[in-house]
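Here the structure comes first, spelled out in structure tokens, and everything after it is commentary.
The values are calculated or read from the model by the stated rules, or taken from the named source; none is laboratory data. Small disclaimer: the values here were computed from a predicted structure and weren't measured. When we count neighbours, we look across all protein chains shown, and the Cβ atoms used for this are built from the backbone with ideal geometry, even at glycine.
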Amino acid sequence: MFKVTGLAARNLARYWRRTLLTAGLVVLGVVAVLVFISVAGSFKSLIVGQITDSMLGHIQIHRRGYVASIDNLPLNLNMSPGQVAKVEQALAANKNVEAFSPRIKFGAMFSNFTETTSIRLNGVMPSREAATVPLLPKRLIAGSAADGLVQRGKILVPRILAHGMKLKVGDTVVLVATNLDGSVNGKTFVIQGVLDDVTGPGGRDGYVNIEDARELLRMNKPEVSEIAVRLKDPHHIDQTRAALQKALAGVRNPKGEPALEVHTWERLTPFSNIAHMIDLLDVFIRVMLVGIVLIAVMNVMMMAVYERIREIGMVAAIGTPPRRILSLFLTEGLLLGLIGVAVGTALSLAVVWALNVWPVHFAFARQVFTLAPSLPLINITVIGVIVLAVAALASLQPAWKAARMDPIRALRHT
Amino acid sequence: MSLVTAQSLSKTYRAGHVDVQALKGVNFDIEPGAFVAFVGPSGSGKTTLLNMIGGLDKPSAGTLTVLDTDIGGLDRAAAADFRGANLGFIFQDFNLIPVLTAAENIEYPLLMVQDWPADRRRARVAELLEAVGMSEQADKRPDQLSGGQKQRVAVARALATHPKLVLADEPTANLDHDTAYRILELMKRMREEFGTTFIFSTHDPKIMGEAEVTFTLEDGRLSDKGGAHV
């Protein structure tokens, strides 16, 4: 006893070399797409994770105009204590906010008493900063954050600076900063730790305690330059940003404009362009897969119809309903797609497994990353559905042709 | 009451820029249970006539009634349904599906045309294999069968759905003489066993003698109706 699916499978096996070749092409396409998605996704998550978890946070809130001038670290665009209080209120009310950290960002002259250079600094509340950017303490390549990320009177310096000025933990340095009113102030700090450099904005900044920053800058009021926010679910970043923007819309400047801006990490780092390019490549390679499956399956199904014209004539002559003939050829095309998806997914999983067992390391902007690709079920499902849908689409025209064939002409075909 | 009735049946084809009259005003009646041969040389209109009786082609003029149905008036889908419900076909080239076994070829119309349940299909296939003497070859594929065996399977397939009428276009043309006779004997026996009407075409004068009724076609015209030869 046989079923339509069994008959379709046997028809595919009839020209097994051609079937193998076509299925092989589909397999190749599926493997290429799934492995690319997996590796590119891993690369993207690594870099994005590094940027958000060790520097930027997922969202940042600034006074209006601050981000446009962020390269100058303008002290005159800090948020006032009243604005900070409203931001903290809005953040506390948002359920997707896990932690947030106020920062004072400023530039200073950095001296070890024999050499002087410039440095960008963040004045932070140690425990809140560590909760907001949990990878920051892990960037310490010398020193310790065991007694607090950065204690009063101490400084975390970037590796490039420590290396260039031959500094080590425990050394004393001087910071000289220009205040808001234009006067200059200096203060000595002891190096608590050396931070590894990371890619992106702020990746080579130093860190001091926020109270020391205020003292150095002679701030009378507890102003902050930015508030970095960590989310519980980063996938809902856009909704959270919109909710915060809405909650802060009532905070206005003297001109009656919104006084605060809410930005996601993508707005604050050029890597977002690379991330978008990866997304674009992802779309491109999916389109390639559609092309491969469409051409391969359509070609083989058109050949199948052409080679079986007499057979189609016979089945039509004995009264097989056209819809049955259509479904037979559609099933053959779908089976080709199914074989491609099944074998392609199995091979892709094997490749991803191998990449985890024998990890691939790669350098990106002077950092070495280790890929840890994974293949979520949703990606496998989406690719599977795409391949099957395209295989069905590619079979439709030949199947329709077979179903509409005139039995007499078909039976006469030689 | 006649099973098949043709009145002034004509068929004209367009071949390039020329009209070809394949049938010219043919009249005949075929009774239920008959074993009928249409005979004549190549190009006399036999295949055209069988195609029209089978609802595969439409008359250009005249009427053709099969099982009380004006077969020429059916549209494509209705004609397919009519064939599936009432007719069986045997082809000169056997036209078995190469990837199916003998049993599965017989089963094909039961599944794909009439959607019988599995247990009934199984029983019917076994009955037909037994009837045509092919039980031993049930699991063989067409490329493992001789010409005669293939045509036996084709006869069984044509009878699978209990058709009232089986049409066979030159069923013995590709067989040697002895095998051809055996196939005709089988068809006759099936007619006796299942009460099915058989209409076949042939250009072989020796084979035409096996029919109970013969209609001779010449140049698209019915020139003679022979009586019972059995």
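Table for the structure above
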{"read-out": "Residue list for segment A:248-290, restricted to those being out of contact with any Gly (no Cβ under 7 Å at 6 or more places or on another chain), among the polar types (S, T, N, Q) and buried (at least 18 other Cβ atoms within 10 Å of the Cβ)", "value": "A:T264"}
{"read-out": "Subset of segment B:167-206 (residues that are within 13 Å of B:V155 (Cβ to Cβ) and among the small types (G, A, S))", "value": "B:A168, B:A180"}
{"read-out": "Selection within segment A:15-52 - within 14 Å of chain B (Cβ to nearest Cβ) and surrounded by fewer than 16 Cβ atoms within 10 Å (Cβ to Cβ)", "value": "A:Y15, A:W16"}
{"read-out": "Search result, residues across segment B:66-85 that are more than 24 Å from B:A131 (Cβ to Cβ) and at the interface with chain A (Cβ under 9 Å from one of its Cβ atoms)", "value": "B:R76, B:A77, B:A79, B:A80, B:D81, B:F82"}
{"read-out": "Odd one out for B:L100 among (1) within 11 Å of another protein chain (Cβ to nearest Cβ); (2) under 21 Å from B:G195 (Cα atoms); (3) not β-branched (V, I, T)", "value": "(2)"}
{"read-out": "Segment B:1-24, residues that are modelled with pLDDT of 90 or more and over 15 Å from B:D219 (Cβ atoms)", "value": "B:L3, B:V4, B:T5, B:A6, B:Q7, B:S8"}
{"read-out": "Test: residue in segment B:141-155 that is away from chain A (no Cβ under 12 Å), among the basic types (K, R) and buried (at least 16 other Cβ atoms within 10 Å of the Cβ)", "value": "yes"}
{"read-out": "Near pairs, Cβ below 9 angstrom, 6+ apart or cross-chain, from segment B:111-123 (free of Cβ contacts under 8 Å to residues at least 24 places away in the same chain) to any residue that is loosely packed, with under 15 Cβ neighbours inside 10 Å and part of a helix (DSSP H, G or I)", "value": "B:L111/B:A118"}
{"read-out": "B:S60 vs. criteria over 25 Å from A:A9 (Cβ atoms), more than 9 Å from chain A (Cβ to nearest Cβ), touching an Asp or Glu at 6+ places or on another chain (Cβ under 6 Å) and of a type in the set (G, A, S)", "value": "no"}
{"read-out": "Boolean, B:G88 is part of a helix (DSSP H, G or I), within 9 Å of chain A (Cβ to nearest Cβ), touching a residue at least 24 places away in the same chain (Cβ under 8 Å) and small (G, A, S)", "value": "no"}
{"read-out": "Those residues of segment A:305-329 which are touching a Pro at 6+ places or on another chain (Cβ under 9 Å) and in a helix (DSSP H, G or I), in sequence order", "value": "A:V305, A:Y306, A:E311, A:I312, A:G313, A:M314, A:V315, A:A316, A:A317, A:F329"}
{"read-out": "Flag for A:F110 being closer than 25 Å to A:Y66 by Cα and of a type in the set (A, V, I, L, M, F, W, C)", "value": "yes"}
{"read-out": "Residue match in segment B:201-222 (condition: at pLDDT below 90, over 24 Å from A:L411 (Cα atoms) and surrounded by 23 or more Cβ atoms within 10 Å (Cβ to Cβ))", "value": "yes"}
{"read-out": "Matching entry among A:L347, A:L336, A:L355, A:L375 (being within 30 Å of A:R409 (Cβ to Cβ), more than 14 Å from chain B (Cβ to nearest Cβ) and not charged (D, E, K, R))", "value": "A:L336"}
{"read-out": "Subset of segment A:97-117 [buried (at least 19 other Cβ atoms within 10 Å of the Cβ) and under 27 Å from the mean Cα position of the chain (by Cα)]", "value": "A:V97, A:A99, A:F100, A:S101, A:P102, A:R103, A:K105"}
{"read-out": "Any hit, segment B:77-85, residues being part of a strand (DSSP E or B) and out of contact with any Phe, Trp or Tyr (no Cβ under 7 Å at 6 or more places or on another chain)", "value": "no"}
{"read-out": "Residue in segment B:162-180 that is closer than 27 Å to A:L326 by Cα, touching a residue at least 12 places away in the same chain (Cβ under 8 Å) and of a type in the set (G, A, S) present", "value": "yes"}
{"read-out": "Members of segment A:129-183 that are among the small types (G, A, S), within 21 Å of A:M219 (Cβ to Cβ) and crowded, with 18+ Cβ neighbours inside 10 Å", "value": "A:A177"}
{"read-out": "Residues of segment A:308-328 classified as away from chain B (no Cβ under 11 Å) and free of Cβ contacts under 8 Å to residues at least 40 places away in the same chain, total", "value": "0"}
{"read-out": "Some residue of segment B:19-32 being free of Cβ contacts under 8 Å to residues at least 12 places away in the same chain and charged (D, E, K, R)", "value": "yes"}
{"read-out": "Selection within segment B:59-95 - within 16 Å of B:L128 (Cβ to Cβ) and touching a Lys or Arg at 6+ places or on another chain (Cβ under 6 Å)", "value": "B:F94"}
{"read-out": "Some residue of segment A:382-396 being part of a helix (DSSP H, G or I), within 14 Å of chain B (Cβ to nearest Cβ) and touching a Gly at 6+ places or on another chain (Cβ under 8 Å)", "value": "no"}
{"read-out": "Which listed residue is touching a strand residue (DSSP E or B) at 6+ places or on another chain (Cβ under 7 Å), within 19 Å of A:L56 (Cα to Cα) and of a type in the set (K, R), from A:R267, A:R204, A:R252", "value": "A:R204"}
{"read-out": "Residue check for A:L175: assigned to a strand (DSSP E or B), out of contact with any Cys (no Cβ under 6 Å at 6 or more places or on another chain) and either of a type in the set (S, T, N, Q) or touching a residue at least 60 places away in the same chain (Cβ under 8 Å) (or both)", "value": "yes"}
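Per-residue answers, yes or no, for (1) within 37 Å of the chain's Cα centre (by Cα); (2) under 23 Å from A:V150 (Cβ atoms); (3) at pLDDT 95 or above; (4) not in a loop (DSSP other than H, G, I, E, B):
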| residue | (1), (2), (3), (4) |
| --- | --- |
| A:G182 | no, no, no, no |
| A:G200 | yes, yes, no, no |
| A:E215 | no, yes, no, yes |
| A:R218 | no, yes, no, no |
| A:A228 | yes, yes, yes, yes |
| A:H236 | yes, no, no, yes |
| A:T240 | yes, no, yes, yes |
| A:A249 | yes, no, no, no |
| A:G256 | yes, no, no, no |
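Rundown of residues vs (1) in contact with a Leu (Cβ under 9 Å, 6 or more places away or on another chain); (2) farther than 22 Å from A:G65 by Cα; (3) in contact (Cβ under 8 Å) with a residue 60 or more places away in the chain, yes/no style:
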residue	(1), (2), (3)
A:D238	no, no, no
A:W265	yes, no, yes
A:L280	no, yes, no
A:G291	no, yes, no
